[in-house]
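Chemist: One structure, as structure tokens, below. Some questions next.
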Amino acid sequence: MSVRIIGTGSYLPKKVADNNFLSTIVDTDDEWIRQRTGIKERHLSNGKEGTTYMAAHAAEAALENAGIGADELDLIIVATVSADTYVPSTSCSVQGAIGAIRATCFDINAACSGFLFALHTAHAYICAGIYKNVLLVGVEVLSKLIDWKDRSTCVLFGDGAGAAVVTAADHGREGFVQWSDGAGGEVLTCPGRAVGNPWKENASETGYIQMSGQEVFRFAVKKVPECIRQVTEKTGTKLETIDWFVLHQANSRIIQSVAKRLGVPEEKFPMNMEQYGNTSAASIPILLDEMNKKGMLQPGQKIILSGFGAGLTWGAAQLEW
Ligand code: COA
């Protein structure tokens, strides 16, 4: 038993904030942001485009692309760190919104690796013969978790949703590696609004994303090539025969460094962070959808997806398109 992605979809908020706009709210400039990150602009929710709203739109687009109905879904997994509500889960809300009456639903939080971890979970359920059609959504409204006075983080992130429909297939070579390191988690945190016990003095003062940029950079350029090699070893595939490397879109310099460390041409690493910034769990499925719509993905191609992020979490998946 194997799995195949049979449809993709995405939703990006209409509002676009470019680097020049950000330079009017914090002490930064377009050149600094583009040189250090590759980001030129990002889409931001208008407040009404919440996590469920964007996830449901991306999900409907993916179902249409897959040519199956919502009532054919067995499972919905949503990867997000920025749900509209603690409960109900975003996946349950999406199920209600799209009418996936047969599907069971749960969310996962693996930060920017979330879509990858959701895909691995879907693979396990499908290969165990438990479910056949699974909807995966990566979605974030990071704009509500950002301190818009902090120039070291506010220039990096964006909002958006990407989705994929995964189904059982009878052939195909695939593999997964998935890692976590809780001891290293303090380099990228977001305490959230319900921080500590309000009656305790040590309750955290900020609910926003905080990051040691250089440490996250070092972690990513070490671990991503490592896990890509691990997954190709697992599947017995030569690195040079991989058609596309679809990486989490955090920073173009991270991706360039990964390509160099692997000795793979940069052209095999498509990038779109220039337009969207880092959309965390949504970045891989948004990029996959773009590639799919442009006709870049052909049947039989070997694709590696790789993500890294808070937790710390990281991993890689190899799939056949
Ligand atoms: N505009 C202008 N200057 C800025 C700035 C901004 N938006 N943000 C920080 N700076 C300044 C710093 O204050 C510092 O100034 P100083 O030298 O006077 O102290 C200088 O730029 C260098 O800061 P530093 O943090 O060393 O820059 P960097 O080269 O490491 O780049 C990141 C910062 C965040 C772009 C980079 O570390 C990075 O991309 N890390 C990975 C982050 C990431 O991908 N996170 C998500 C993972 S899922």
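Chemist: Of these, V231, V224, which one is farther than 30 Å from T51 by Cα and aliphatic (A, V, I, L, M)?
Modeler: V231
Chemist: When the range 132-182 is examined, which residues are found to be within 16 Å of the ligand (Cβ to nearest atom), surrounded by fewer than 17 Cβ atoms within 10 Å (Cβ to Cβ), among the hydrophobic types (A, V, I, L, M, F, W, C) and in a strand (DSSP E or B)?
Modeler: If the condition is that a residue be within 16 Å of the ligand (Cβ to nearest atom), surrounded by fewer than 17 Cβ atoms within 10 Å (Cβ to Cβ), among the hydrophobic types (A, V, I, L, M, F, W, C) and in a strand (DSSP E or B), then W179 is the only one that fits.
Chemist: Is at least one residue of the range 231-252 outside any helix (DSSP H, G or I), under 27 Å from G182 (Cβ atoms), open to solvent by 20 Å² or more (accessible area, probe 1.4 Å) and modelled with pLDDT of 95 or more?
Modeler: No, there is no match, as no residue in the range 231-252 is outside any helix (DSSP H, G or I), under 27 Å from G182 (Cβ atoms), open to solvent by 20 Å² or more (accessible area, probe 1.4 Å) and modelled with pLDDT of 95 or more.
Chemist: Run down A66, A83 and say which single residue is of a type in the set (A, V, I, L, M, F, W, C) and touching a helix residue (DSSP H, G or I) at 6+ places or on another chain (Cβ under 8 Å).
Modeler: Working: A66 fails: touching a helix residue (DSSP H, G or I) at 6+ places or on another chain (Cβ under 8 Å).
Answer to the selection: A83.
Chemist: Filter the range 26-82 for residues that are open to solvent by less than 40 Å² (accessible area, probe 1.4 Å), acidic (D, E) and away from the ligand (no atom under 16 Å from the Cβ) and give the result.
Modeler: Hits for the range 26-82 are E49, D74.
Chemist: Evaluate the range 262-278: report whether one residue or more is under 19 Å from the mean Cα position of the chain (by Cα), open to solvent by less than 10 Å² (accessible area, probe 1.4 Å) and of a type in the set (G, A, S).
Modeler: Yes: the range 262-278 contains one or more residues that are under 19 Å from the mean Cα position of the chain (by Cα), open to solvent by less than 10 Å² (accessible area, probe 1.4 Å) and of a type in the set (G, A, S).
Chemist: All but one of (1) open to solvent by 10 Å² or more (accessible area, probe 1.4 Å); (2) within 16 Å of the ligand (Cβ to nearest atom) hold for C92, so report the exception by its number.
Modeler: (2)
Chemist: Let me ask you something else. Being more than 20 Å from the chain's Cα centre (by Cα), among the aliphatic types (A, V, I, L, M) and over 26 Å from W314 (Cα atoms) narrows it down to one of A128, A100, so name that one.
Modeler: A100
Chemist: Is one or more of the residues making up the range 155-172 acidic (D, E), closer than 30 Å to T235 by Cα and modelled with pLDDT under 95?
Modeler: Yes, there is a match, as at least one residue in the range 155-172 is acidic (D, E), closer than 30 Å to T235 by Cα and modelled with pLDDT under 95.
Chemist: Okay, next question. So which residues in the range 1-25 are under 16 Å from F157 (Cα atoms), of a type outside the set (A, V, I, L, M), open to solvent by 70 Å² or more (accessible area, probe 1.4 Å) and not in a strand (DSSP E or B)?
Modeler: K14, N20, F21
Chemist: Before we move on, is A281 open to solvent by less than 10 Å² (accessible area, probe 1.4 Å) and either assigned to a loop (DSSP other than H, G, I, E, B) or within 14 Å of the ligand (Cβ to nearest atom) (or both)? Steps first, please.
Modeler: On the way: open to solvent by less than 10 Å² (accessible area, probe 1.4 Å): yes; either assigned to a loop (DSSP other than H, G, I, E, B) or within 14 Å of the ligand (Cβ to nearest atom) (or both): yes.
Considered against the rule, which asks whether it is open to solvent by less than 10 Å² (accessible area, probe 1.4 Å) and either assigned to a loop (DSSP other than H, G, I, E, B) or within 14 Å of the ligand (Cβ to nearest atom) (or both), A281 comes out as yes.
Chemist: Would you mind finding the one in I101, I39 that is within 30 Å of R253 (Cα to Cα) and modelled with pLDDT of 95 or more?
Modeler: I39
Chemist: Further question: For the range 259-278, enumerate the residues that are away from the ligand (no atom under 12 Å from the Cβ), in a helix (DSSP H, G or I) and touching a residue at least 40 places away in the same chain (Cβ under 8 Å).
Modeler: Selection gives R261, E274, Q275, Y276.
The values are calculated or read from the model by the stated rules, or taken from the named source; none is laboratory data. All of these numbers come straight from a predicted model, not from anything done at the bench. As a convention, Cβ positions derive from the backbone with ideal geometry for all residues, glycine included, and neighbour counts pool all protein chains shown. Heavy atoms of the whole protein, side chains included, go into the accessibility calculation; ligands, DNA and RNA do not. Shrake-Rupley method; radii C 1.70, N 1.55, O 1.52, S 1.80 Å.
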